[in-house]
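Nothing in this text is a laboratory measurement; each read-out follows from the coordinates by a stated rule. These figures come from a predicted structure and were not determined experimentally. Using ideal geometry, Cβ is built from the backbone for each residue, glycine included, and neighbour counts are taken over all protein chains shown.
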């Protein structure tokens, strides 16, 4: 088996179908597909069961989180590589074969991402060379392999043996931050993170959180960021980050309060104020 593809779905029925249709066209590789449905309420699991009999479906009775759900099929994956794929993606023809070929040709690459595009064809930012607030963490990052810090979690192909050794995603990350953490741990094992320019993937983005208020999404991301700090950064580094974020939040809150009479979009202003208040409270914790 060349590759095991894992898709975690949460209320993305229509887009999930498009994703699975695009995978059906990937005939140049021997593949198996797992869909883990995190207790969707839109009929996603029933749709997969009825229309995609080739897919191995795991239907959870509760939302276990992104990392935990991705770990569920690992014991049954037979591929040389594991592909973590978001349900709101469509894989271009040849992308899966290109990804497998890339990993075979780059033995020191532990995980790699693809060329990600928006629905209008423009490029999404899918490669990061720095972790959150890495400018304060020079000692922690100095020994990590390669130059790429992480790639967008919408499409990540990894060596199955490395994933097994690392026991997959850290399930303490419920949603957000788990891709950065996994890339860090792979680099810490001496393997680099790669980018596959020949593999193109359309990504709608943020569809499972489309009904979540922006401030609530920001809060989840901020909590994941601090969990990442706690795992990988020294206590003194975290203290420096907290001080810097507190100063920035206080300055921005003061500026927004002064400018508030002149800002027309009051909802956007309110969101910004609430986000900076969250940053300030997190820095105090």
Helix 95-105 vs. the chain, principal-axis angle (Cα, 0 to 90°, nearest 10): 90 degrees
Taking 1, 103, 47 and counting other C-beta atoms within 10 Å, the order from fewest to most: 1, 47, 103
Among beta bridges that DSSP assigns inside the range 100-225, antiparallel share in %, nearest 5: 45 percent
Where only C-alpha atoms are counted, convex hull volume of the range 3-209 per residue in Å³: 115 Å³
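Please list 10-18, 258-266 highest first by mean number of surrounding beta-carbon atoms within 10 Å per residue.
Ranking the peptides 10-18, 258-266 by packing returns 10-18, 258-266.
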Between 0 and 90°, nearest 10: helix 266-284 axis offset from the chain longest Cα axis: 90 degrees
Reciprocal of mean inverse Cα separation for the range 189-285 (Kirkwood radius, Å): 16.3 Å
Span per principal axis, largest first, for the Cα atoms of the range 234-284 (Å): 42, 16, 11
Separation of alpha-carbon centers, the range 35-87 and the range 267-285, rounded to whole Å: 35 Å
Rounded if a/c under 1.5, otherwise prolate or oblate - the range 1-95, Cα gyration tensor axes: oblate
In degrees, nearest ten, helix 214-232 long axis to first principal axis of the chain (Cα): 80 degrees
The chain - share of DSSP beta bridges that are antiparallel (%, nearest 5): 35 percent
Binned Cα-Cα distance frequencies in the range 45-92 - 10 Å width, integer %: 19, 54, 28, 0
Separation of the residue 231 and residue 122 label points, Cα + 7 Å toward Cβ, nm: 3.1 nm
